[in-house]
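The values are calculated or read from the model by the stated rules, or taken from the named source; none is laboratory data. What you see is a predicted model, and the numbers here were worked out from it, not measured in a lab. Quick reminder, even Gly has a Cβ in these numbers, built from the backbone with ideal geometry, and neighbours come from all protein chains shown. In case anyone asks, the SASA skips ligands and DNA or RNA and just uses the protein heavy atoms, side chains included. Shrake-Rupley method; radii C 1.70, N 1.55, O 1.52, S 1.80 Å.
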Amino acid sequence: MTLTGQCRCSAVRYQLNTDVPPAIYACHCTDCQTWSGSAFALHALLPADALTLSGPLTTYAYELNGQHAEHQVCSVCHTRLCNTTTAAPGMKVLRAGTLDESRSLQPMAHIWVSHKQPWLTLPEGLPSWPQSPTPQAFGEALMAYAG
Ligand SMILES: [Zn+2]
Ligand SMILES: [Zn+2]
């Protein structure tokens with residue numbers, strides 16, 4: 001399937017080519033709350049070559065815990081669209097709320113729920129972790145979701 005998305009001003013559009021619906025997860029860490037200006041961030045972890053962006057992009061790069069991250073931002077309206085990190089080589093993390101059909105996709109897991117806003121109640125039965133899961137645990141949850 002091909003999914004599409006865009007930034008707030010439409011200067012940057014992208015295509016996501018994927019065989020299976022993207023696995024979306026919510027991150028409730030305080031960095032994601034600050035960065036999104038909201039209660040949590042919605043992310044989709046994708047093979048890097050699944051995502052094709054077009055339009056004016058600005059890169060914001062930083063180092064954290066010995067890892068190098070690069071975030072791609074619309075140069076016009078500054079919507080953050082995706083990032084790479086050396087912690088997940090070959091992958092891109094898409095801000096899933098920028099998908100045109102974001103309403104049809106539900107989070108399959110919640111991470112950093114120890115920092116979750118107290119008024120927010122999560123659905124029963126979804127995998128969740130108080131902090132970041134190990135790559136192995138998260139991979140197993142993704143596999144279970146993909147069936
Ligand atoms: Zn824009
Ligand atoms: Zn986070």
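When the range 62-82 is limited to residues that are more than 16 Å from ligand 1 (Cβ to nearest atom) and among the polar types (S, T, N, Q), the one that is nearest to the chain's Cα centre (by Cα) turns out to be Gln67.
Each row is one residue, and each column tells you yes or no for (1) surrounded by 13 or more Cβ atoms within 10 Å (Cβ to Cβ); (2) over 22 Å from Lys116 (Cβ atoms).
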| position | (1), (2) |
| --- | --- |
| Arg8 | no, yes |
| Gly37 | no, no |
| Phe40 | yes, no |
| Ser75 | yes, yes |
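Residues that are among the aliphatic types (A, V, I, L, M) and open to solvent by 40 Å² or more (accessible area, probe 1.4 Å) within the range 94-141 comprise Leu122, Leu126, listed in sequence order. Selection over the range 75-110 of residues that are touching a strand residue (DSSP E or B) at 6+ places or on another chain (Cβ under 7 Å) and either outside any loop (DSSP other than H, G, I, E, B) or at positive phi (or both) gives a count of 20.
Filtering the range 76-87 for residues that are touching a residue at least 60 places away in the same chain (Cβ under 8 Å), within 13 Å of ligand 2 (Cβ to nearest atom) and under 21 Å from Gly139 (Cβ atoms) leaves an empty set. With respect to Gly90, determine if the residue is within 16 Å of ligand 2 (Cβ to nearest atom) and closer than 23 Å to Ser132 by Cα. No, not satisfied.
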